1. Mind checking which residues of the range 225-245 are touching a Ser or Thr at 6+ places or on another chain (Cβ under 9 Å) and under 24 Å from residue 166 (Cβ atoms)?
2. Pairs under 6 Å by beta carbon, first residue outside any loop (DSSP other than H, G, I, E, B) in the range 146-169, partner aromatic (Phe, Trp, Tyr), six or more apart or different chains?
3. Name the residues in the range 106-128 that are of a type outside the set (A, V, I, L, M, F, W, C) and touching a residue at least 24 places away in the same chain (Cβ under 8 Å), would you?
4. Considering (1) within 18 Å of the chain's Cα centre (by Cα); (2) surrounded by 20 or more Cβ atoms within 10 Å (Cβ to Cβ); (3) within 23 Å of residue 227 (Cα to Cα), say which one residue 53 fails and leave the rest.
5. Name the residue, out of 197, 209, 205, 245, that is within 19 Å of the chain's Cα centre (by Cα), over 28 Å from residue 118 (Cβ atoms) and of a type in the set (D, E, K, R).
6. Here is a check on your reading of the model: is residue 97 under 24 Å from residue 256 (Cα atoms) and in a loop (DSSP other than H, G, I, E, B)?
7. Residue 99: loosely packed, with under 15 Cβ neighbours inside 10 Å, under 21 Å from residue 67 (Cα atoms) and in contact with a strand residue (DSSP E or B) (Cβ under 7 Å, 6 or more places away or on another chain), yes or no?
8. So which pairs qualify, if the first residue must be in the range 247-265 and under 17 Å from residue 58 (Cβ atoms), the second must be surrounded by 16 or more Cβ atoms within 10 Å (Cβ to Cβ) and at pLDDT below 95, the Cβ gap must be under 9 Å, and the two must be at least 6 apart or on different chains?
Amino acid sequence: MTPVEVVRGDGPVVLGLPHTGTHVPEAIRARLTPRGRTLSDTDWYVHRLYDGLLPGATTVRATFHRYVIDANRPPSGESLYPGQNTTGLIPLTDFDGHPLWETEPAPEDIGSRRRDYHDVYHAALAAELERVRAKHGIAILYDCHSIRSEIPFLFEGRLPDFNIGTNSGRSCAPAIAEATARICSEAEGYTSVLNGRFKGGWTTRHYGRPAEGLHAIQMELAQDTHLMSESPPFDYDPAGAAQLRPHLAAILHALEDYAFTQGATR
């Protein structure tokens, strides 16, 4: 299986999907604990949730699971949230702090997985952002994520429904963050926060260079907005998704509108 799937569009918005993949090569799967093999930390159905919301958007999706290697962590392995519980480049625990591996990855495993998966995904993402910027003079990366609404190991209490990350305002123009935050705050029945517990992963921080016409914003959705249950079998909730999708569509169209107001070619 190819590590990355790319669907090219002709618009200025690129959707990154680093955590929806569930492929784990058998040699790697055999080393996971039984709990690890449930792949519980997947961004379940996020690619389905966004499908068709913005005609012309490009999508770049990792097909491999984050337990193989996390495409939204720095290749160096440094923590994005110093002093807080988190998971690494190759996670050793799940989001509840439970061990994932019967046999932990060795240093050579990290190097080979980085080369075969992480590097391949980011080469594809970087290429699409450059293609889009060359066409429009601007590219906006919207990084799509989801997570369980309650994970005591990672954060206290219940997570808001919409968690917007812009690396504390550094990864995109203020107007992009403001438009996204406004749409989320006006979404009836939903809660939201800007740069709360999740300020944007490595993807957002690495590619977000507004002065160069590259903008990046991360959306972390609470999974109970679109799943029947946040525990196995993690079934998709068509009714919940149907209520959520118009708000997500409004966000994506607002990003596209911003690009065109900045002189992007139509």
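The values are calculated or read from the model by the stated rules, or taken from the named source; none is laboratory data. Computed from a prediction, not measured in an experiment: that's the story for all the values here. Cβ coordinates were reconstructed from backbone atoms using ideal geometry, including for glycine residues, and neighbour counts include every protein chain displayed.
1. Scanning the range 225-245 gives 225, 226, 244.
2. Partner pairs satisfying both residue conditions: 163/198; 165/198.
3. 113, 114, 116, 117, 118, 119, 121, 122, 128 - these are the residues of the range 106-128 that are of a type outside the set (A, V, I, L, M, F, W, C) and touching a residue at least 24 places away in the same chain (Cβ under 8 Å).
4. (2)
5. On the way: 197 fails: over 28 Å from residue 118 (Cβ atoms); 209 fails: over 28 Å from residue 118 (Cβ atoms); 205 fails: over 28 Å from residue 118 (Cβ atoms).
The match here is 245.
6. No: the conditions fail for residue 97.
7. Working: loosely packed, with under 15 Cβ neighbours inside 10 Å: yes; under 21 Å from residue 67 (Cα atoms): yes; in contact with a strand residue (DSSP E or B) (Cβ under 7 Å, 6 or more places away or on another chain): yes.
Spelling it out, residue 99 is indeed loosely packed, with under 15 Cβ neighbours inside 10 Å, under 21 Å from residue 67 (Cα atoms) and in contact with a strand residue (DSSP E or B) (Cβ under 7 Å, 6 or more places away or on another chain).
8. From residues that are under 17 Å from residue 58 (Cβ atoms), the pairs are 256/264; 258/264.
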